[in-house]
Amino acid sequence: MKKIVISTGGGDAPGLNAVIYAVVNACYRRGWEVYGSRNGYSGFLDFDDMIPLSPKDVAGIYSIGGTILGSTNKGNPFSYPVKNLADEVQMLDISDKIIKNFHRMKFDCHIAIGGDGSLDIAHRFAEKGMPVIGVPKTIDNDLGKTSRTFGFDTAVATATDAIDKLHSTAKSHNRVMVVEVMGRESGWIALYSGISGGADVILIPEIPFDVDRVCEKILDNELHDKHYAIVVVAEGAMTADGQQFNKGEGELGRQEVVLGGVGDWVAAQIRERTEKDTRSLVLGHLQRGGSPTTFDRLLGLRFGAAAVRMVEEKIFDSMVSLKDSGMTAVPIAEAIAMRKKIDLSTDKVLTARDIGICFGDVEQERVVLP
Ligand code: F6P
């Protein structure tokens, strides 16, 4: 008999509920108890937020977006915002309290579902003696040591669908449409949705861009009697001279800066330099919403079940990972050591160049002479 606790931390991603469903059912079949901690680590601080989970509680949730447990990216227990008597907010390390409550509640293992921030926290708890297993979640697909994180496929499907819809309105008005997608410092969502959605230009953080190159591509379209263009920009894309765009000061308790604004900037530059009617839009949190695709649902279920097998085999301080289409375990420390970036020699980048997509870099698309 074991007692397991699950938490979901960081930005939500479609497939979280599928992982919870699999963990609860796989534990139940082994005769184990499962609890869910609400909003990251709240359940360890307030016992009302620690909820028992049975197969009945999770029936049918695998196809629903979001997380039934709630999530937060402002609840790092190693730097936690607490109000003092003077009503001032202080950042405190409350990790010892969480460890104490973990043991007091007699848990055997914590299954932490999260991206690099949440898994970094989980790893620090593992170093303090908490048996932890990580499950890789993020629409950004930027976690190391796993070929996929769940949530990414759904975000790409949503972004591709949006880009598809932009074609007709861009064409009707002979306009340039600039669409900004999420992804933080990696361009996975932009690359996959941009290629699949027939973009003319894709700007990703891995390839600093020169806006003149982007404009050349748009004007080249005109020469080929194409009077509209679709530009997909990753929120973390940066100019060749290192300019990146963000929304200023982070929120209290949040470790990361909020990226955004590059789409508007690129659109303004295109409008000014090409005199083309240009509009921009930000897809934003639409990419995190909705039901998981079949791929993400299945991946979430597989990750959850594999995590429970790892509990059985006591493979702690490790993350379940997708490798060569199978499940494997990797040390959490290795998964969070570096964010996974796009390798510019992969066939996806080559495919984009071969079909004429511009990345705004110096290495332009191949020109075939007549
Ligand atoms: O990491 C997921 C993600 O959606 C990023 O792509 C994006 O930069 C960030 O989270 C947005 O965070 P928030 O939901 O706090 O605005």
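The values are calculated or read from the model by the stated rules, or taken from the named source; none is laboratory data. It should be emphasised that the depicted structure is a prediction, and the values quoted were computed from it without experimental measurement. Neighbour counts run over all protein chains shown; Cβ positions are idealised from the backbone, glycine included. The area values use the complete protein model at the heavy-atom level, side chains included, leaving out ligands, DNA and RNA. Shrake-Rupley method; radii C 1.70, N 1.55, O 1.52, S 1.80 Å.
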Over the stretch 324-346, the set of residues more than 21 Å from residue 118 (Cα to Cα) and in contact with a Lys or Arg (Cβ under 8 Å, 6 or more places away or on another chain) is 342
With the first residue restricted to the stretch 168-195 and required to be more than 16 Å from the ligand (Cβ to nearest atom), and the second required to be in a loop (DSSP other than H, G, I, E, B) and open to solvent by 10 Å² or more (accessible area, probe 1.4 Å), Cβ contacts under 6 Å at 6 or more apart or on different chains are 170/228; 171/228; 174/227; 174/228; 175/228; 175/277; 176/276
Across (1) surrounded by 18 or more Cβ atoms within 10 Å (Cβ to Cβ); (2) away from the ligand (no atom under 16 Å from the Cβ), residue 46 clears everything bar (1)
Taking the stretch 133-148 and keeping only residues that are of a type in the set (Asp, Glu), touching a residue at least 60 places away in the same chain (Cβ under 8 Å) and open to solvent by 10 Å² or more (accessible area, probe 1.4 Å), one is left with none
* With respect to residue 335, is the statement that it is at pLDDT 95 or above, hydrophobic (A, V, I, L, M, F, W, C) and in a strand (DSSP E or B) true? -> no
Residue pairs within 6 Å by beta carbon, gap of at least six or interchain, first lying in the stretch 270-296 and closer than 18 Å to residue 237 by Cα and open to solvent by 50 Å² or more (accessible area, probe 1.4 Å), second within 16 Å of the ligand (Cβ to nearest atom) and assigned to a strand (DSSP E or B), listed first then second, are 281/179; 282/180
ask   = In this structure, is residue 268 touching an Asp or Glu at 6+ places or on another chain (Cβ under 8 Å), over 30 Å from residue 2 (Cβ atoms), away from the ligand (no atom under 16 Å from the Cβ) and of a type in the set (A, V, I, L, M, F, W, C)?
value = no
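Here is a yes/no grid of residues against (1) free of Cβ contacts under 8 Å to residues at least 60 places away in the same chain; (2) open to solvent by 80 Å² or more (accessible area, probe 1.4 Å):
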residue	(1), (2)
310	no, no
318	no, no
323	no, yes
339	no, no
344	no, no
349	no, no
353	yes, no
Test for residue 147: is it within 12 Å of the ligand (Cβ to nearest atom) and either out of contact with any Leu (no Cβ under 6 Å at 6 or more places or on another chain) or part of a loop (DSSP other than H, G, I, E, B) (or both): no
Inside the stretch 249-263, the number of residues satisfying the requirement of being of a type in the set (A, V, I, L, M), modelled with pLDDT of 85 or more and more than 8 Å from the ligand (Cβ to nearest atom) is 2
Scanning the stretch 163-186 residue by residue, those surrounded by 19 or more Cβ atoms within 10 Å (Cβ to Cβ) and closer than 15 Å to residue 282 by Cα turn out to be 163, 166, 176, 177, 178, 179, 180, 181, 182, 183, 184
For residue 84, the lone unmet condition from (1) modelled with pLDDT of 95 or more; (2) out of contact with any Ser or Thr (no Cβ under 9 Å at 6 or more places or on another chain); (3) among the polar types (S, T, N, Q) is (1)
Going through the stretch 284-319 in order, the residues found to be in a loop (DSSP other than H, G, I, E, B) and either farther than 24 Å from residue 162 by Cβ or at pLDDT below 95 (or both) are 313, 314, 315, 316, 317
Among residues of the stretch 51-72 being within 16 Å of the ligand (Cβ to nearest atom) and surrounded by fewer than 21 Cβ atoms within 10 Å (Cβ to Cβ), the residue farthest from the chain's Cα centre (by Cα) is 70
